[in-house]
Amino acid sequence: MLHRGQESTDGAGGGELAVPMAWFYAEYIAEELLRTGDLMPPTSFEFRAGRDALALTIFLSDAGGELSGIRVVTQLETWLSLTAYDQPWQDWVCERMADFTAEALESGGPSPDLELAAAAWRWLEETELLAPDLDAVPGGGAGLGEDDGPKVWTPAWRLGLPLGHLAIHLF
């Protein structure tokens, strides 16, 4: 069975397996950034949230499938600005997903990259993780330790996004 990516020029489906290389590559970059930062165990849900949020940022910011190993370093500033605290990241993801979906419909076929990105986005939106309440009033509690402070259930992307941002900084 032949493997081909989305960038195939043959124009025919031909029953070939379409390999979602753009998504896999974005996920690989995100995972390497998080592992380098050594922020948490790779088996944790927090790590997955950070990886998926960062992979979505990488995948959706790639213009025309141009992401290559050489360009990764030049893209760090872009990813850093997209994941910054004051940016409307969730809105940006929704807009870019809509753009990618429209492109896939115009090309006449499903995009395996987009399907994996959509699954990651669904998980990030629908999964809630118990995390420290970053909006809690400082000094509101009586000298509590980090593990004893107030915690709230929050969508996974709200926890993963700052982790991804920090991982880029640490790289």
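The values are calculated or read from the model by the stated rules, or taken from the named source; none is laboratory data. Keep in mind the model is a prediction, meaning the values are calculated, not measured. Because the Cβ atoms are built from the backbone with ideal geometry, glycine has one as well, and the counts that use them run over all protein chains shown.
Output yes when any residue across segment 35-56 is hydrophobic (A, V, I, L, M, F, W, C), at pLDDT 65 or above and more than 15 Å from the chain's Cα centre (by Cα), and no when none is.
First, the residues of segment 35-56 that are hydrophobic (A, V, I, L, M, F, W, C): 39-40, 45, 47, 49, 53-56.
Now restrict to residues that are at pLDDT 65 or above: 39-40, 45, 47, 49, 53-56.
Right, trim to more than 15 Å from the chain's Cα centre (by Cα) and you get 39-40.
Among the residues of segment 35-56, at least one is hydrophobic (A, V, I, L, M, F, W, C), at pLDDT 65 or above and more than 15 Å from the chain's Cα centre (by Cα), which makes the answer yes.
What residue, of I29, I58, is farther than 16 Å from W157 by Cβ and either in contact with a Gly (Cβ under 8 Å, 6 or more places away or on another chain) or not charged (D, E, K, R) (or both)? Break it down stepwise before answering.
Values: I58 fails: farther than 16 Å from W157 by Cβ.
Testing whether each residue is farther than 16 Å from W157 by Cβ and either in contact with a Gly (Cβ under 8 Å, 6 or more places away or on another chain) or not charged (D, E, K, R) (or both) leaves just I29.
Which one is modelled with the lowest pLDDT, of the residues in segment 8-30 that are surrounded by 19 or more Cβ atoms within 10 Å (Cβ to Cβ) and within 13 Å of the chain's Cα centre (by Cα)?
Taking segment 8-30 first, the residues surrounded by 19 or more Cβ atoms within 10 Å (Cβ to Cβ) are 20, 22-23, 25-27, 29-30.
Restricting the remaining residues to those that are within 13 Å of the chain's Cα centre (by Cα) gives 22-23, 25-27, 29-30.
Working: A22: 87, W23: 91, Y25: 90, A26: 92, E27: 94, I29: 92, A30: 94.
Residue satisfying both the conditions and the ranking: A22.
For every residue, the table says whether it meets (1) exposed (fewer than 13 other Cβ atoms within 10 Å of the Cβ); (2) farther than 20 Å from A22 by Cβ; (3) at pLDDT below 90.
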| residue | (1), (2), (3) |
| --- | --- |
| G65 | no, no, yes |
| E77 | yes, yes, yes |
| V93 | no, no, no |
| R96 | no, no, no |
